[in-house]
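The values are calculated or read from the model by the stated rules, or taken from the named source; none is laboratory data. Here the structure is a predicted model, which means the values were calculated and not measured. Reconstructed Cβ throughout: ideal geometry from the backbone, glycine too, with neighbour counts over all protein chains shown. What goes into the accessible areas is simple: the full protein's heavy atoms, side chains included, and nothing from ligands, DNA or RNA. Shrake-Rupley method; radii C 1.70, N 1.55, O 1.52, S 1.80 Å.
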Amino acid sequence: MVCVRLTSRHRRDRREWATEHVYWRRNEWSNVLFSDESHFSVHPDNRRIFIWRDRGSRNNPAFVRESVRFGGGGVLVYGGISIDGHTDLYIIRDGPLTARRYRDEILRPIVVPYAAAIRDYFILMDDNCGPHRANLGENFLFEEGIVRMEWPACSPDMNPIEHVWDALGRRVAGRQPPPQTLQELERALLEEWNRILQLVINILIDSMPQRCSTLLAVRGNHTPY
């Protein structure tokens, strides 16, 4: 299993975050919009090797290879999920996502209206990548009165949207015929995103207390997801 690289500080921060949130229940998690970006390629590498391991040993450090390289070419998308709702899928075109683009193309037109439409108290979960944590975005969210969840670095295993990205990739790859161009890939992503059942999203977010408990049980180390 390939996982992000964790330092002792990462493990400590992950434990502290899990301790703070392990007793949150559905009414609290329902305030959170889990968001992220993800890359999809026209010809994904779906090769897999199946092996037998003892039950419960998947996250044994002996079976984990740590890496800091993620992403790749193809199509970059943004999306957010919450209990009983999700944002539209946004295709990020014409270059990398900068702090200004994150504010102008995502926070202002997507997150702010979503926050206003869904509930009075709203928490935005995004990770610690540069565009998300730049002062430009921080100041904008403060002005809009949107609370941002403190998020431990290197913690994709705590973000339920990772499972949605996986499901989206599988659905797109399973189309017949599969997308052959970037334009076909974009169209397939948008169509399949809207076909993901909200019940599945709700179940993923309802797993957050168990995710926190598991993270504490392994003392901030890698957890299965």
Hey, GLY220 hits all of (1) crowded, with 16+ Cβ neighbours inside 10 Å; (2) within 16 Å of the chain's Cα centre (by Cα) but one; which does it fall short on? (2)
Region 103-130: number of residues that are farther than 27 Å from LEU197 by Cα, more than 15 Å from the chain's Cα centre (by Cα) and not charged (D, E, K, R): 1
Taking region 171-199 and keeping only residues that are surrounded by 14 or more Cβ atoms within 10 Å (Cβ to Cβ) and among the hydrophobic types (A, V, I, L, M, F, W, C), one is left with VAL172, ALA173, LEU182, LEU185, ALA188, LEU189, LEU190, TRP193, ILE196
I need a count of the residues in region 192-213 that are in contact (Cβ under 8 Å) with a residue 24 or more places away in the chain, closer than 18 Å to ARG170 by Cβ, part of a helix (DSSP H, G or I) and β-branched (Val, Ile, Thr). 2
Report, by residue number, each residue of region 154-167 that is open to solvent by 30 Å² or more (accessible area, probe 1.4 Å) and charged (D, E, K, R). GLU162, ASP166
So for region 144-153 (the condition being touching a residue at least 60 places away in the same chain (Cβ under 8 Å), out of contact with any His (no Cβ under 9 Å at 6 or more places or on another chain), open to solvent by 40 Å² or more (accessible area, probe 1.4 Å) and not charged (D, E, K, R)), does at least one residue qualify? no
